Structures are given as structure tokens and as C-alpha cells.
Amino acid sequence: MLEPKPKSSTRKYLILVVVAALMLVFMSISMARTSTTEYCTSCHEMKTNLDELKKSSHALDANKKPIECAQCHVPQTLGPKYLVVKTVVGMKDLVVHYLGDPDNLSRRAMQESGRRFVPDENCQACHKDLYRNAKDDKEISAIGRLCHDAWMGKNGTTTKGCAGCHFNMAHLPNFDRRYAFNAEFASRLPLKEEGTKR
């Protein structure tokens with residue numbers, strides 16, 4: 001015959017469940033809060049990125065709502081990638097802000113890091129038909145079609161993700177303004193005197 005558990009062990013188990021539930025609620029709220037554009041751009045070193053985003057072709061989504069930082073830079077589904085971005089990358093940003101030199105950040109290094117944290121799924125949330133342009137009013141070029149075919153494994157393969165080919169969509173540092181394909185975006189931005197690393 002089974003004996004009932006002692007009350008103290010049931011009570012400990014209940015306390016453990018309540019503490020775990022409270023921790024999950026706290027983590028969920030803090031992760032949601034730290035994914036807002038207001039939070040991401042609350043540090044002065046991110047002001048340039050926000051100014052560029054507002055003047056980019058990615059300033060607004062198809063519904064004319066401002067595109068938020070997390071729509072591009074944070075995985076949209078929970079899982080290991082989400083946790084890495086929210087914890088490891090978030091902690092790195094805090095360390096740089098408080099212990100580094102945020103006034104002299106290397107835009108080139110930020111750009112490389114930023115591209116790694118733009119999951120293809122986030123791009124495809126808005127760009128569903130890869131054979132149509134962003135406005136969905138005409139087909140993409142023949143070269144674009146070949147590139148997308150390679151990305152999908154239909155004609156060769158490529159290891160580049162969306163942000164690997166489609167760079168400077170939302171942010172445009174001074175050193176990339178020289179490219180002809182960035183001329184229109186560059187014309188909307190003031191040329192700023194930036195730190196030596198920018």
C-alpha cells in the first residue's frame with residue numbers, strides 16, 4: 001500500500017513550481033521588453049542606426065507600420081537561436097555599452113555581426129514570393145532569379161543568407177555609400193563625421 005507523501009515534501013515541491021513559474025513569467029516579460037525598438041535604441045550609440053532605418057526602404061512594412069528592430073534581428077520563434085540572441089548577444093551589447101567605448105564602435109564589425117543575426121525566416125515573413133520585387137508589382141531580374149534559385153538549392157547552392165546578399169537594406173554606414181546600388185538610400189542620409197572606426 002502506498003503511503004501518502006509527507007506534507008513537507010509536497011510543500012517544497014509546490015514552492016519549487018511557484019518559483020519556476022514566477023521565473024518564467026519574469027523572463028518572458030523581460031525578453032519581450034528588451035526586444036522593443038525603444039529599448040534597442042535607448043543607448044546613444046544606436047541613434048545612427050535608428051536614423052538610417054527611418055530613411056531606408058525598410059522603414060515601413062507592407063501595412064505602413066514602422067518596422068521594429070526585433071522583426072529583423074531577433075528570431076521569431078522560441079528555441080535555441082532565440083535564447084542565444086537574447087542572452088549572449090544582449091549581454092555582449094551591455095558589456096560594450098558599459099565597459100567598452102560606445103562612441104568609437106566599428107561600424108564594419110557591427111555590420112558583419114548584425115548580418116549574422118538576421119535570420120532568413122524573418123526576411124521571408126514579409127518577402128514571401130522570392131521571384132517578385134519588394135513592392136510585388138513586377139518580377140525580379142533574371143540574375144536575381146538565378147541567385148534565389150541557388151539559395152533554394154534549385155540550381156547550385158549558396159551558403160549566403162538573405163542579409164549576405166541584400167546588405168544595406170536598413171542601415172548604410174559611410175563606407176558603403178560609394179556603391180551605385182546604394183545611391184538612392186545614401187541621398188536620403190546626411191554624411192556625418194564619424195569616429196575613425198565608423
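The values are calculated or read from the model by the stated rules, or taken from the named source; none is laboratory data. Keep in mind that what you see is a predicted model, and the values were worked out from it rather than measured. Heads up, the Cβs are rebuilt from the backbone with ideal geometry, glycines too, and the neighbour counts pull from every protein chain shown.
General observations
- One residue alone among 78, 60 is under 30 Å from residue 129 (Cβ atoms) and touching a strand residue (DSSP E or B) at 6+ places or on another chain (Cβ under 7 Å), and that residue is 60.
- Restricting attention to the range 100-136, the residues that are assigned to a loop (DSSP other than H, G, I, E, B), in contact with a Gly (Cβ under 8 Å, 6 or more places away or on another chain) and basic (Lys, Arg) add up to 0.
- Flag for residue 179 being in contact with a strand residue (DSSP E or B) (Cβ under 8 Å, 6 or more places away or on another chain) and of a type in the set (Phe, Trp, Tyr): no
- Near pairs, Cβ below 6 angstrom, 6+ apart or cross-chain, from the range 142-156 (at negative phi) to any residue that is assigned to a helix (DSSP H, G or I) and modelled with pLDDT of 90 or more: 155/149
- Count of the range 141-189 residues which are assigned to a helix (DSSP H, G or I) and over 24 Å from residue 67 (Cβ atoms): 7
For (1) modelled with pLDDT under 90; (2) within 18 Å of the chain's Cα centre (by Cα); (3) under 22 Å from residue 48 (Cα atoms); (4) among the aromatic types (Phe, Trp, Tyr), each residue gets a yes or a no:
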| residue | (1), (2), (3), (4) |
| --- | --- |
| 104 | yes, no, yes, no |
| 122 | no, yes, no, no |
| 155 | yes, no, no, no |
| 158 | yes, no, no, no |
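- Consider the range 75-102 and keep the residues that are of a type outside the set (Val, Ile, Thr) and within 12 Å of the chain's Cα centre (by Cα). The one that is nearest to residue 45 (Cα to Cα) is 90.
- Any chance residue 2 is modelled with pLDDT of 90 or more, more than 25 Å from the chain's Cα centre (by Cα) and either more than 30 Å from residue 99 (Cα to Cα) or not hydrophobic (A, V, I, L, M, F, W, C) (or both): no
- Residue in the range 58-85 that is surrounded by the fewest Cβ atoms within 10 Å (Cβ to Cβ), counting only those that are at pLDDT below 90 and among the polar types (S, T, N, Q): 63
- Matching helices (runs of 4 or more DSSP H) fully within the range 37-89 where at least 1 residues are without any contact (Cβ under 8 Å) to a residue 24 or more places away in the chain and touching a helix residue (DSSP H, G or I) at 6+ places or on another chain (Cβ under 8 Å): 37-40, 47-55
- Residues in the range 104-135 that are surrounded by 14 or more Cβ atoms within 10 Å (Cβ to Cβ), polar (S, T, N, Q) and closer than 16 Å to residue 176 by Cβ: 106, 111.
- If you go through the range 91-123 and keep only what is touching a Cys at 6+ places or on another chain (Cβ under 6 Å) and not hydrophobic (A, V, I, L, M, F, W, C), you end up with 97, 120, 122.
- Selection count, the range 27-36, where residues are surrounded by fewer than 17 Cβ atoms within 10 Å (Cβ to Cβ) and in a loop (DSSP other than H, G, I, E, B): 2
- Under the condition of being surrounded by 11 or more Cβ atoms within 10 Å (Cβ to Cβ) and over 22 Å from the mean Cα position of the chain (by Cα), the residues counted in the range 137-151 number 8.
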